[in-house]
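Take a look at the structure below.
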């Protein structure tokens, strides 16, 4: 929580989130009221975080998790709560939400760096396993080039939309903060192999 409080400049010390460890895929499906994909191993909802038991990762998910990966998973899900607090509950764009969570949680260290950006922007209001492939690295590129304060400024502008977020409106806010529209060319231009 300290790392997240420091990044988001939030002093969240009261009414802390509850963390629930879920024992199996059947329970995950029941709690989410849907059949879930094997990659769904954690999620957050308001002040609650749900994680598949680390001991069940090998049999109930797509892969095993080391202790460090599991800790990053917990931090990733907690980060979603900080994102939601920073945006007054606006969860889109998904790539920004997932990317920031992957970057701040340290989950990015367990991901393979993409050679170039070509898919993360497709995840504005839809989810999918592929959003995790590039989004944290896109956030890293932004923070490395412009600092974390620009991301926090963008979150504040999202918050000011009062939940009425469209892709067009987001693109305008992004351009207002960063001076360019979020495109693959723009993100690829910000990178070089040594930079990230």
Item to check | Residue-averaged 222 nm ellipticity for the chain, from DSSP H runs of 4+ at -39500 (n - 2.57), nearest 500 | outcome: -15000 deg cm²/dmol
Checklist outcome for this item: Expected max-MSF residue from 164, 84, 125 in the GNM of the chain (alpha carbon, under 10 Å) is 164
Checklist entry - Taking 0.36 nm per residue of separation and subtracting the Cα-Cα distance, what length does fully extending residue 33 through residue 68 add? => result 9.7 nm
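Let me know the volume per residue of the alpha-carbon convex hull for the range 2-189, in Å³.
Given the Cα convex hull of the range 2-189, per-residue volume reads 120 Å³.
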Checklist entry - What relative contact order, as a whole-number percentage, does the chain give when Cα pairs under 8 Å and 6 or more residues apart are counted? => result 17
Checklist outcome for this item: Under 18 Å by backbone N from the virtual spin label 7 Å along Cα-to-Cβ at residue 58, the residues of the range 66-83 are 66-71
Checklist entry - After finding the eigenvalues of the alpha carbon gyration tensor for the range 16-85, what semi-axes result from the square roots of 5 times each, listed largest first in whole Å? => result 19, 15, 9
Checklist entry - Between the range 1-21 and the range 49-114, how many Å separate their Cα centres? => result 14
Checklist outcome for this item: Which of 123, 20, 83 fluctuates most in a GNM of the chain (C-alpha springs under 10 Å)? That residue is 20
Item to check | Helix axis angle, 148-159 relative to the chain longest principal axis, alpha carbon, degrees | outcome: 80
Checklist entry - If you take the beta carbon distance between residue 47 and residue 164 as r and set R0 to 25 Å, what does 1/(1 + (r/R0)^6) give as a FRET efficiency, to the nearest 0.05? => result 0.55
Next on the checklist: Ignoring solvent entirely, what values of log10 I(q)/I(0) come out of the Debye formula for the range 42-150 at 0.09 Å⁻¹ when each Cα is a single scatterer?
Outcome noted: -0.22
Next on the checklist: Compute the helix-to-body angle for 167-178: its Cα long axis versus the longest principal axis of the chain, expressed 0 to 90° and rounded to tens.
Outcome noted: 60
Checklist entry - Say R0 is 22 Å: what FRET efficiency, to the nearest 0.05, do residue 184 and residue 112 get from their beta-carbon distance? => result 0.75
Checklist entry - Helix 94-105: angle to the longest alpha-carbon principal axis of the chain, degrees 0 to 90, nearest 10? => result 70
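Here, each number is a calculation from the coordinates, and none is a lab measurement. This is a predicted model, so every value here is computed, not measured. Neighbour counts run over all protein chains shown; Cβ positions are idealised from the backbone, glycine included.
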